Amino acid sequence: MEQVMKRTTSLWPWAIATLLGVVFAANFTLLFLAVKTDDGLTDEDYYVKGLFYNDRLQNEKRLGWRIEFSFDGTPRAGGPNGVRVYVRDKSGMVLEDARVRVVLRRPATDRYDRTFDLSPAGPYYSGEIAIPLEGFWDINVTVDRGGDGMEKTFRIRV
């Protein structure tokens, strides 16, 4: 009976060591993946933008511009997609002589970010954007005119 008890108690250190080894291996794997993979940070100056968020809201209210974004048809990955941006002032009139820029961003990474400038085309601004992959995309539309500016973000799924 003494032999049986001795053998049973000698397995406990091995069981604890094995359990700790599995925990350390799992933690090391997660740490390695966290350091080696992309952090998903898509905006470098997010903190500064956050500090001035209220100022941006007040500026948008002061300007009163309305930005509307649409595709010419159903958006698809891989090919060119025609886009239109309607910009109207407080009174509902078309905002002319503005610089309109579209930034296409992937929410999870900045690897596929693309910038496109749009041209005036009558009552709207138009151009073509190429969406590299299927999935979710943020479309950041920036309108600048005479020192004033406004931006609006739209989320789409392709």
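The values are calculated or read from the model by the stated rules, or taken from the named source; none is laboratory data. Since we're looking at a predicted model, the values are computed, not measured. Every residue, glycine as well, gets a Cβ built from its backbone with ideal geometry; the counts of neighbours run over all protein chains shown.
Could you tell me which residue of the range 27-55 is modelled with the lowest pLDDT, considering only residues that are closer than 25 Å to N140 by Cα, assigned to a helix (DSSP H, G or I) and of a type outside the set (D, E, K, R)?
Among those residues, the one meeting the criterion is Y46.
Taking the range 57-95, which residues are basic (K, R) and touching a residue at least 12 places away in the same chain (Cβ under 8 Å)? Walk me through it before giving the result.
Within the range 57-95, the subset basic (K, R) is 61-62, 66, 76, 84, 88, 90.
Residues satisfying the conditions are R66, R76, R84, R88, K90.
Considering only the range 129-148, state which residues are part of a strand (DSSP E or B) and of a type outside the set (D, E, K, R). Let's see the steps before the verdict.
Within the range 129-148, the first condition is being part of a strand (DSSP E or B), and the residues that meet it are 129-130, 136-145, 148.
Once the filter is applied, which keeps residues that are part of a strand (DSSP E or B) and of a type outside the set (D, E, K, R), the range 129-148 yields I129, A130, F136, W137, I139, N140, V141, T142, V143.
Test of understanding: among A108, A98, A121, which residue is assigned by TED's automatic domain parsing to the domain that holds Y53, farther than 19 Å from L63 by Cβ and free of Cβ contacts under 8 Å to residues at least 60 places away in the same chain?
On the way: A108 fails: free of Cβ contacts under 8 Å to residues at least 60 places away in the same chain; A98 fails: farther than 19 Å from L63 by Cβ.
Being assigned by TED's automatic domain parsing to the domain that holds Y53, farther than 19 Å from L63 by Cβ and free of Cβ contacts under 8 Å to residues at least 60 places away in the same chain holds for just one of A108, A98, A121, which is A121.
Could you say which residue among D55, D97 is surrounded by fewer than 10 Cβ atoms within 10 Å (Cβ to Cβ) and within 16 Å of D144 (Cβ to Cβ)?
Working: D55 fails: within 16 Å of D144 (Cβ to Cβ).
Residue meeting the stated conditions: D97.
Here is a list: S70, S126, S119. Which entry is closer than 15 Å to R155 by Cα and either in a strand (DSSP E or B) or touching a Phe, Trp or Tyr at 6+ places or on another chain (Cβ under 8 Å) (or both)?
The unique qualifying residue is S70.
Looking at (1) in contact with a strand residue (DSSP E or B) (Cβ under 8 Å, 6 or more places away or on another chain); (2) exposed (fewer than 14 other Cβ atoms within 10 Å of the Cβ), which one does Y125 not meet, given that it meets all the others?
It fails just one condition, (2).
When you go through R88, R84, R106, R114 one by one, which is the residue that is farther than 23 Å from F52 by Cα, surrounded by 12 or more Cβ atoms within 10 Å (Cβ to Cβ), modelled with pLDDT under 90 and touching a Leu at 6+ places or on another chain (Cβ under 9 Å)?
None of the other options fit; the residue is R106.
Taking only pairs six or more apart or across chains, which ones have beta-carbon atoms under 9 Å, a first residue in the range 38-55 that is on the phi < 0 side of the Ramachandran plot, and a second residue that is at pLDDT below 85 and in a helix (DSSP H, G or I)?
So the pair list comes out as D43/K49.
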